[in-house]
Amino acid sequence: MVETVTLFEMGPRDGLQNEKLPISTEDKIALIDRLSRTGLRKIEVTSFVSPKWVPQMADAGAVLAGITRAPGVCYAALTPNLRGLEGALAAGADEVAIFASASEGFSQKNINCSIAESFERFAPLLAAAREAQMPVRGYVSCITHCPYDGAVPPQAVLEVTQALLGLGCYEVSLGDTIGGAEPGDIEALLTHLCSEIAPQMLAGHFHDTKGRALANIEVALAQGLRVFDASVAGLGGCPYAPGARGNVATEAVVDLLETRGFVTGIDRPALLEAADFARQITRKAA
């Protein structure tokens, strides 16, 4: 029986948020419209965060208003707080995402609070999302390594993941934020997590900083994960994680999956065209 793997496209948000110079709203919209024609079913298009901290995402509402929505495509937005959720609802996002860290050091650097405090902030957001019938996805950062705290124990990841699911997230994406994980790290982590959590509730988000993202995806596939985040043309990283640049390229993940016999539903020529455009707009801004 052929199995399907879902790719969650991160390029317009995680891919572009770390660009030093502004990418025009028109170019962001054009990229998303190209991605909408590739067969992708999930695209994270922007984030409703303070432009003071992530200026590249200051046009979040205009981006969502300007895209041509394709049938069957879910357009998601990252929302760190209740104000962000309100912006996403007003702009017509189809789902939202929240993010927590498995390491205290990264939590403090990324969102200026402890892990416990971050969950206190999430509670009203999740309550409002439930009332609005808005699906919420969760992210866990620093699943094996933190740029500030070093190695992250699997139990810490399990506790944060369970907390996100307990709040009502339909799925939790596990982020190798600095790309430091080796396949053995991912196998140990997922063995620990999947003893308590069904793999269908988990997704993989692997950065390719050290060239190990595809190998880590293969390990996650063997553990039963069937959803992976990727960024067209390998764009992006995290502005609060030194060395994080280098999301795994969507086109490379498609090639891996189809070589292994999985179905992605992706039109490869259309994806390569979108990747070329992504490189053009980032070169133009350089």
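Go through region 149-161 and report how many residues are out of contact with any Asp or Glu (no Cβ under 8 Å at 6 or more places or on another chain), surrounded by 17 or more Cβ atoms within 10 Å (Cβ to Cβ) and either of a type in the set (Asp, Glu) or farther than 18 Å from Met201 by Cα (or both).
Result for region 149-161: 1.
Going through region 1-22 one residue at a time, which ones are outside any loop (DSSP other than H, G, I, E, B) and buried (at least 18 other Cβ atoms within 10 Å of the Cβ)? Correct list: Leu7, Phe8, Glu9, Gly11, Pro12, Arg13, Asp14, Gly15. Return the only residue of Val49, Val54, Val63 being modelled with pLDDT of 95 or more and of a type in the set (Val, Ile, Thr). Testing whether each residue is modelled with pLDDT of 95 or more and of a type in the set (Val, Ile, Thr) leaves just Val63. Do you know which of the residues in region 1-29 that are under 27 Å from Gly224 (Cβ atoms) and modelled with pLDDT under 90 is nearest to the chain's Cα centre (by Cα)? If we take residues in region 1-29 being under 27 Å from Gly224 (Cβ atoms) and modelled with pLDDT under 90, then Val2 is nearest to the chain's Cα centre (by Cα).
Residues that are within 15 Å of Ile23 (Cα to Cα) and either of a type in the set (Phe, Trp, Tyr) or surrounded by fewer than 20 Cβ atoms within 10 Å (Cβ to Cβ) (or both) within region 253-280 comprise Phe277, Arg279, Gln280, listed in sequence order. Has region 39-52 got at least one residue that is β-branched (Val, Ile, Thr), assigned to a helix (DSSP H, G or I) and in contact with a Lys or Arg (Cβ under 9 Å, 6 or more places away or on another chain)? Taking every residue of region 39-52 in turn, none turns out to be β-branched (Val, Ile, Thr), assigned to a helix (DSSP H, G or I) and in contact with a Lys or Arg (Cβ under 9 Å, 6 or more places away or on another chain).
Determine whether region 82-94 contains at least one residue that is among the acidic types (Asp, Glu), in contact with a Lys or Arg (Cβ under 7 Å, 6 or more places away or on another chain) and closer than 24 Å to Asp33 by Cα. No, every residue in region 82-94 fails to be among the acidic types (Asp, Glu), in contact with a Lys or Arg (Cβ under 7 Å, 6 or more places away or on another chain) and closer than 24 Å to Asp33 by Cα.
Looking only at region 41-57, residues that are buried (at least 17 other Cβ atoms within 10 Å of the Cβ), more than 22 Å from Phe122 (Cα to Cα) and of a type outside the set (Lys, Arg) come to 2 in all.
The values are calculated or read from the model by the stated rules, or taken from the named source; none is laboratory data. Quantities reported herein were computed from a predicted structural model and do not represent experimental measurements. Cβ atoms come from the backbone with ideal geometry, glycine included; neighbour counts cover every protein chain shown.
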